[in-house]
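Let me begin by presenting the structure, written as structure tokens, before commenting on it.
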Amino acid sequence: MIEIRNLTKEYENVTPLKDVSVTINDGDVIAVIGPSGTGKSTLLRCINQLETPTSGQIIVDGQDITAPGCDLNEVRKKMGMVFQSFNLFGHLTVLENIMNPQITLLGRSRQEAYDKAMELLDKVGLWAKALNYPDELSGGQQQRIAIARTLAMDPEIILFDEPTSALDPSMIGEVQSIIRMIAKTGRTMMIVTHEMDFAKKISNRVLFMDGGNIYEEGTPKEIFENPKKEKTIRFIKRLTSLTYRIENRDFDFEALADELQLYAEKLLIENDRTSKIQIALEEICVNNIFGFEGEPNIYASIDYSEKSDILTLELKYAGEHYDITTSENVLFNSILQEPTTTVVDEVIENSTKWYNNHTAISLRWED
Amino acid sequence: MKNRINKIIVLILCLVMAFQAVAFADGETQEQEMIPKNGITTIDELHGKRLGVQTGTLYEQAIGWPKEETDKFEQYKMPNDMLLALESNKLDAYLIEEVGFYAQRYEHPELMRLKEKAGESQFAVIVGNNEKQDVLYAQMEEFIAEGKANGWLDGLYDYWVRNWNPNTCKIETIPETTGENGEVIIAIEGGYEPFSYESNGQFEGYDVEFMMNFCAKYGYTWNFQAMEFDAIAVGAIAGKYDFGMNIVVDEERAEDSVLTDWYYVCDLVFVVEGEYESEMGFFENMAYSFEKTFIRDNRWRLFAEGMGRTLLITVMSIILGTALGFAAYMACRHGNKVANGITGVINWLIEGIPTVVFLMILSFVIFGKTQLSGTLISIIGFSFIFGCGMYGMLKVGFGAIHKGQFEAATALGYSDTQSFFKILLPQAAQHFLPIYKSNVVSLIKETSVVGYIAVMDLTKMGDLVRSRTYLAFFALIAVAVLYFVMEAVLVAIVNQVQLRIDPKRRSKEKILEGIVEKE
């Protein structure tokens, strides 16, 4: 059991962790999610003291490991860590990467270490790569070996720090299935991840972090399907949206188109609708708003709701209002005219926010 | 203290070059028969020509020409360099002391002097600026005065210079000394016949016999130290040496210097190239040069000895420098402010100071009053220089390793020391060893300046041989080849080390040592 009490980590300019308290019970599989830069990795790295917390306590099986004089190396032997960038030792073979820590730190014999290493290599399906060097392997293979290296130390808990974010999409699956396999053995784990689907399926607890704090905590069902708090709701929703700020006329629409393409592939949205969204966006922004005086100031979001199967383009912008019905673009007009299209186009009077215009185009799919 | 030096400008030193076997009985007649190639026969014709002189001798000021003209003299480090410049037509004539000219002409009969003498120069002893100065100065003045009065100095000059014969001249009887008043250290050039040169492991020559007699008379034991000519006066002024020999007496020396009265006088002459046809063929000539450079007097031993010393300095500096750089890196790697501050300052100083200046500062300022040998000081100096390089290499080498390697080791439970030696060092070594190799090569080359602080290394030995033989070719080539050989050997050793410790070159058997493989 690991008890974290009032953990704070401060740097000169930022405070990535603010007064975090949480208890990790034996057998827990905890997924830590949340926007970038909200202290998820810092929390993980504080637990095994790769980062020294500024204040607070971490109590592992009744022992305060933040206390001075605590033998951290002994504590760390009980905590495995899997890194985003694998961090296999480059000068050692795969086999030695798994063997050497056992020999040096656990005092196992070479034969014992070898047997253990080969057993684990077999488990992660890389028995044949034992005598290769890490740089001869793919990212997915390296990460599987890094996991084997961690397992070889028989840790009580394994900390995964974004184990799949440095991987090519085609390799994410192989690593995730290994982690799932470990989770089934009942080992305590804590995983920082951006793969929501994976987090949902593997964990029994989810910590949503925001602003250096655990903002909301719950079961995967609670967090992913019924988030209670505002930021969690927005985050879960934003997983299915793309947002942009268009603040000058050099805005890279090509890059936006590429991202939209990937987004559509991920969510299985058919090309027809995404290309319509693209046409609408370029017609409104490039052909019209860009024609007004002054620098453009547009907030654009593309949203897809899986439940209702509606793809929405929402634009908020400052300055002169553009009435989309006045467009002379035939293609654009026909999109607006379709029965599956819903349009909102309004001027927000007495706007206290930045933007005083609001336009939304929603595309429904109809067989 | 008497004769404190306020203005060092006053006195510049010189040494008289090696005087080699010259006693040409028919020298005068030969000159009259020879015709100068460029037709110059009088000093007046030399105005506006390209003229050379040895650095620091100030001979050009003795001609009585205006300063604008004497300023245009090209400065050469060694008389042999002027000779080469003359023969390759970079100079029209050069100015040298008479004795030096005869020594050169022994090997180069094509040389001829202008009959007019250009001036004369007096040579004195410089007395070291230390606590013994007053006593030694008074004793030396008395010794020279007596020697002049009773004709002993004249006799000594006749024997060594006027009747110089390289094959027979030697100190017949080494005078007995009681040694009751301790040791005096005497700075000599060590490679300039007939004043000071090495023969069969002993220093010989006019200066040597002169100083031995002085020591015997006043109850001192002598300790001769050979060094680059430029370093003699510097060392004496720093108080490191008690006496420095062969210092030119300048007109302005006046009251500020610590020079004694002159102990010999020598004419200065201009040398030009005459029409001369060698009787020797090319190969004959080469064989002769070779014999003179290596075989005669067992001169190859000088090369071997110099190479040994260069190797000693290099290898010791590599070992100590590596250890020093490593220690500095270990002290600094966790950002210790004091260690980083000290290392930073030392690095900054050593990187900013030219090697030869750094060595001279070590020798004459920092260790000025101690009796550490030049070799030891060189090793200290080059250890620091190599250590700085090592420190830089380690920084680069470890900097090139992704910080994840250290984090992964730490997370597994490796201690700081374990992760440093087991994880980081083997990887860093592969990054810095290639730079290490080139640093080794530069170090060997850099050690060639140790002659400035009285170390007889390979370069200095080559110079000594050249100054005795007056033949540049073989000595220079031999020195270059020997440097190449040393570099090749040291680089081969580092290469071997690099291969041995390259983790990726281990065999499967080595990796699986002591393991029963599973099927």
What's the number of the condition B:Asn89 fails, among (1) part of a helix (DSSP H, G or I); (2) on the phi > 0 side of the Ramachandran plot? (1)
Could you list, in sequence order, the residues of the range A:123-135 that are in a loop (DSSP other than H, G, I, E, B) and under 21 Å from B:Lys504 (Cα atoms)? A:Leu126, A:Ala130, A:Leu131, A:Asn132, A:Tyr133
So, in the range A:99-122, exactly how many residues are within 9 Å of chain B (Cβ to nearest Cβ) and either of a type in the set (Val, Ile, Thr) or assigned to a loop (DSSP other than H, G, I, E, B) (or both)? 2
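Somewhere in the range B:100-119, is a residue aliphatic (A, V, I, L, M), over 16 Å from B:Glu273 (Cα atoms) and assigned to a loop (DSSP other than H, G, I, E, B)? Spell out how you get there, then give the answer.
At the first step, the residues of the range B:100-119 found to be aliphatic (A, V, I, L, M) are B:103, B:111-112, B:114, B:118.
Now narrow it down to the ones that are over 16 Å from B:Glu273 (Cα atoms): B:118.
Okay, now just the ones that are also assigned to a loop (DSSP other than H, G, I, E, B), so B:118.
Yes: the range B:100-119 contains one or more residues that are aliphatic (A, V, I, L, M), over 16 Å from B:Glu273 (Cα atoms) and assigned to a loop (DSSP other than H, G, I, E, B).
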Residue under question is B:Phe303, and the condition is that it be under 23 Å from the mean Cα position of the chain (by Cα), crowded, with 19+ Cβ neighbours inside 10 Å and touching a residue at least 24 places away in the same chain (Cβ under 8 Å); does it hold? yes
Which residues, taken from the range A:19-45, are among the basic types (Lys, Arg) and away from chain B (no Cβ under 14 Å)? A:Lys40
Over the range A:83-98, the set of residues under 15 Å from A:Leu151 (Cα atoms), of a type in the set (A, V, I, L, M) and at the interface with chain B (Cβ under 9 Å from one of its Cβ atoms) is A:Leu88, A:Leu95
Name the residue that is nearest to the chain's Cα centre (by Cα), counting only residues in the range A:60-82 that are at the interface with chain B (Cβ under 7 Å from one of its Cβ atoms) and not charged (D, E, K, R). A:Met81
Counting just the residues of the range B:390-407 that are assigned to a helix (DSSP H, G or I) and among the aliphatic types (A, V, I, L, M), which one comes out farthest from the other protein chains (Cβ to nearest Cβ)? B:Met390
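Select from the range A:43-59 the residues that are free of Cβ contacts under 8 Å to residues at least 60 places away in the same chain and of a type in the set (S, T, N, Q) and list them in ascending order. Lay out the reasoning, then the answer.
Filtering the range A:43-59 for residues free of Cβ contacts under 8 Å to residues at least 60 places away in the same chain gives A:46, A:49-59.
If the condition is that a residue be free of Cβ contacts under 8 Å to residues at least 60 places away in the same chain and of a type in the set (S, T, N, Q), then A:Gln49, A:Thr52, A:Thr54, A:Ser55, A:Gln57 are the ones that fit.
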Counting only residues that are loosely packed, with under 12 Cβ neighbours inside 10 Å, assigned to a helix (DSSP H, G or I) and free of Cβ contacts under 8 Å to residues at least 12 places away in the same chain, how many does the range A:304-333 have? 2
Residues to consider are A:Arg273, A:Arg249; find the one that is over 30 Å from A:Leu17 (Cβ atoms), of a type outside the set (A, V, I, L, M, F, W, C) and surrounded by 18 or more Cβ atoms within 10 Å (Cβ to Cβ). A:Arg273
Index of the failed condition, A:Leu137 passing every other in (1) crowded, with 17+ Cβ neighbours inside 10 Å; (2) at the interface with another protein chain (Cβ under 8 Å from one of its Cβ atoms): (2)
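With respect to A:Asn48, is the statement that it is touching a Phe, Trp or Tyr at 6+ places or on another chain (Cβ under 8 Å) and facing chain B (nearest Cβ under 8 Å) true?
Details: touching a Phe, Trp or Tyr at 6+ places or on another chain (Cβ under 8 Å): no; facing chain B (nearest Cβ under 8 Å): yes.
Answer is no for this residue.
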B:Glu446: within 14 Å of chain A (Cβ to nearest Cβ) and among the acidic types (Asp, Glu), yes or no? no
All positions within the range B:408-428 that are buried (at least 17 other Cβ atoms within 10 Å of the Cβ), more than 8 Å from chain A (Cβ to nearest Cβ) and not hydrophobic (A, V, I, L, M, F, W, C): B:Ser419
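Could you list, in sequence order, the residues of the range A:59-106 that are aromatic (Phe, Trp, Tyr) and farther than 20 Å from A:Ile157 by Cα? Give the steps one after another, and end with the answer.
So in the range A:59-106, the residues aromatic (Phe, Trp, Tyr) come out as A:83, A:86, A:89.
A:Phe89 - this is the single residue of the range A:59-106 that is aromatic (Phe, Trp, Tyr) and farther than 20 Å from A:Ile157 by Cα.
State whether the residues of the range B:339-346 include one that is buried (at least 20 other Cβ atoms within 10 Å of the Cβ) and closer than 29 Å to B:Gly239 by Cα. Don't jump to the end; show me each part of the working.
We begin by selecting, within the range B:339-346, every residue buried (at least 20 other Cβ atoms within 10 Å of the Cβ); these are B:343.
After this cut, where a residue has to be closer than 29 Å to B:Gly239 by Cα as well, the list is none.
There is no residue in the range B:339-346 that is buried (at least 20 other Cβ atoms within 10 Å of the Cβ) and closer than 29 Å to B:Gly239 by Cα.
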Within the group B:Lys422, B:Lys395, B:Lys403, which residue is among the basic types (Lys, Arg) and in contact (Cβ under 8 Å) with a residue 40 or more places away in the chain? B:Lys395
I'd like to check something: does the range A:129-139 contain any residue that is in contact with a Pro (Cβ under 9 Å, 6 or more places away or on another chain) and of a type outside the set (D, E, K, R)? yes
Quick one: in the range B:292-322, of everything that is of a type in the set (D, E, K, R) and closer than 15 Å to B:Ile477 by Cβ, which residue is modelled with the highest pLDDT? B:Arg299
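Would the range B:130-150 turn up any residue that is among the small types (Gly, Ala, Ser), at pLDDT 90 or above, more than 30 Å from B:Val272 (Cβ to Cβ) and not in a helix (DSSP H, G or I)? Let's see the steps before the verdict.
Taking the range B:130-150 and keeping what is among the small types (Gly, Ala, Ser), we get B:138, B:145, B:147, B:149.
Add one more test, that the residue is at pLDDT 90 or above, and what stays is B:138, B:145, B:147, B:149.
Subsequent filtering for residues that are more than 30 Å from B:Val272 (Cβ to Cβ) retains B:138, B:145, B:147, B:149.
When the remaining residues are screened for being not in a helix (DSSP H, G or I), the result is none.
Checked against the condition, which is being among the small types (Gly, Ala, Ser), at pLDDT 90 or above, more than 30 Å from B:Val272 (Cβ to Cβ) and not in a helix (DSSP H, G or I), the range B:130-150 yields no hits at all.
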Check B:Ile43, B:Ile63 and return the single one that is among the β-branched types (Val, Ile, Thr), in contact with a Gly (Cβ under 8 Å, 6 or more places away or on another chain), crowded, with 18+ Cβ neighbours inside 10 Å and at pLDDT 85 or above. B:Ile63
Looking only at residues that are touching a strand residue (DSSP E or B) at 6+ places or on another chain (Cβ under 8 Å) and part of a helix (DSSP H, G or I) in the range B:70-86, which one is surrounded by the fewest Cβ atoms within 10 Å (Cβ to Cβ)? B:Ala85
For B:Glu487, state whether it is closer than 30 Å to A:Leu121 by Cβ and either of a type outside the set (A, V, I, L, M) or within 14 Å of another protein chain (Cβ to nearest Cβ) (or both). no
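Yes/no matrix, rows are residues, columns are (1) part of a loop (DSSP other than H, G, I, E, B); (2) modelled with pLDDT of 95 or more:
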{"residue": "A:Asn6", "(1), (2)": "no, no"}
{"residue": "A:Glu12", "(1), (2)": "yes, no"}
{"residue": "A:Lys18", "(1), (2)": "no, no"}
{"residue": "A:Thr42", "(1), (2)": "no, no"}
{"residue": "A:Leu50", "(1), (2)": "yes, no"}
{"residue": "A:Thr66", "(1), (2)": "yes, no"}
{"residue": "A:Val75", "(1), (2)": "no, no"}
{"residue": "A:Asn97", "(1), (2)": "no, yes"}
Of the residues that make up the range B:429-443, is at least one among the small types (Gly, Ala, Ser) and within 13 Å of chain A (Cβ to nearest Cβ)? yes
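The values are calculated or read from the model by the stated rules, or taken from the named source; none is laboratory data. Owing to the predicted nature of the structure, the values given are computational and were not obtained by experimental measurement. We place every Cβ from the backbone using ideal geometry, glycine too, and count neighbours over all the protein chains shown.
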